[in-house]
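Notes to accompany the following structure.
Quick note: the coordinates plus some simple rules give every number you see, no bench work behind them. Because the structure is predicted, anything quoted here is derived from the model rather than measured. Note that we place each Cβ from the backbone using ideal geometry, even for glycine, and neighbour counts take in every protein chain shown.
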Amino acid sequence: MKIAVCVKQVPAKDAPLHIAPDGTWIRETDISFEMNEPDSYALEEALRLKEKHGGEVVAVSLGPERAKQTLKEALAKGADRGLHIADEEFYRLDPLTAARALARALEPERCDLVLTGLQSEDHGFGQTGVLLAELLGLPHATIIMSIEVQNETLRLKRELEAGWFQWLELPLPAVLTIQSGINKVRYATLKGIMAAKKKEIRTLLRTELLPSFELTQKLERIYVPQKTKKTEFLQGPPKEVAAKLLEKLKHEARVLGSS
């Protein structure tokens, strides 16, 4: 079984974030980066499937040169090789464009299974995996909590709302987005870290895979919300004050219906 896992590099959870001068992204100097947590669960699930059924795990990452560090982490944990789609301004891509670049890179691989995390911890769109499935022309399922491989069929457990779950079957090949907590993520061993140095990381340029594109959505600006306080005293007879308060709750705060 050949499994591709999309792993994204994101700012570390404790990194001090500052907005870049142009206001469209964060200032990346002097902060550390790590593997996107939902993607780490997808990688772990791919490694477990490989250990059970045999095959190969290919880690794929779209991003700047530093994204290779995340690929090296995946290789140290047990992935067989890495595929780096190099793009220094990857953060300007919308989910559809990112999915198109990933699809172009994965099409020649002819994978039996493609796994992604449910969403990224920086943008959090939760769209790339689903769009990737459509572009590859493969069946897909989201919010996966359990995977069983039965010949050429997948038996999957999906998480729904209010504590409900759904079981379904999909044919292979397929694309799945993995829910965090599906497994216990392993640490890279010293043996794995040493072995990773001999494993291949092939680099493809996003500009060659996808020379031109038109964004379907654009991030205009990121900013820190300004904290403000506003106090207003309502004066007059109690009945009149109550009527004014009711109007403000309906039309300004909009916490009450107008009926």
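Overview of results
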quantity	calculated
Flag for Phe33 being without any contact (Cβ under 8 Å) to a residue 60 or more places away in the chain and under 23 Å from Thr189 (Cβ atoms)	yes
Residues of region 72-106 satisfying the condition of being closer than 18 Å to Ser212 by Cβ and charged (D, E, K, R)	Asp87, Glu88, Glu89, Arg92, Asp94, Arg100, Arg104
Filter pass, Val57 being under 14 Å from the mean Cα position of the chain (by Cα) and either touching a residue at least 12 places away in the same chain (Cβ under 8 Å) or buried (at least 20 other Cβ atoms within 10 Å of the Cβ) (or both)	no
Positions within region 121-151 being within 26 Å of Leu219 (Cα to Cα), surrounded by fewer than 21 Cβ atoms within 10 Å (Cβ to Cβ) and among the hydroxyl-bearing types (Ser, Thr, Tyr), in sequence order	Thr142
Any hit, region 84-99, residues being more than 17 Å from the chain's Cα centre (by Cα), buried (at least 18 other Cβ atoms within 10 Å of the Cβ), of a type in the set (A, V, I, L, M) and part of a strand (DSSP E or B)	yes
Residue count, region 17-71 (criterion: farther than 30 Å from Tyr223 by Cβ and among the charged types (D, E, K, R))	8
Single residue of region 225-257 satisfying the filter (in contact with a Leu (Cβ under 9 Å, 6 or more places away or on another chain) and not in a helix (DSSP H, G or I)) that is surrounded by the fewest Cβ atoms within 10 Å (Cβ to Cβ)	Val255
Failed criterion for Ala74 (all others in (1) of a type outside the set (Phe, Trp, Tyr); (2) in contact (Cβ under 8 Å) with a residue 12 or more places away in the chain; (3) surrounded by fewer than 22 Cβ atoms within 10 Å (Cβ to Cβ) hold)	(3)
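Residue-by-condition table, conditions (1) farther than 20 Å from Pro64 by Cα; (2) assigned to a strand (DSSP E or B); (3) of a type in the set (A, V, I, L, M, F, W, C); (4) in contact (Cβ under 8 Å) with a residue 12 or more places away in the chain:
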{"residue": "Ser180", "(1), (2), (3), (4)": "yes, no, no, yes"}
{"residue": "Lys184", "(1), (2), (3), (4)": "yes, no, no, yes"}
{"residue": "Lys199", "(1), (2), (3), (4)": "no, no, no, yes"}
{"residue": "Pro211", "(1), (2), (3), (4)": "no, no, no, no"}
{"residue": "Tyr223", "(1), (2), (3), (4)": "yes, no, no, yes"}
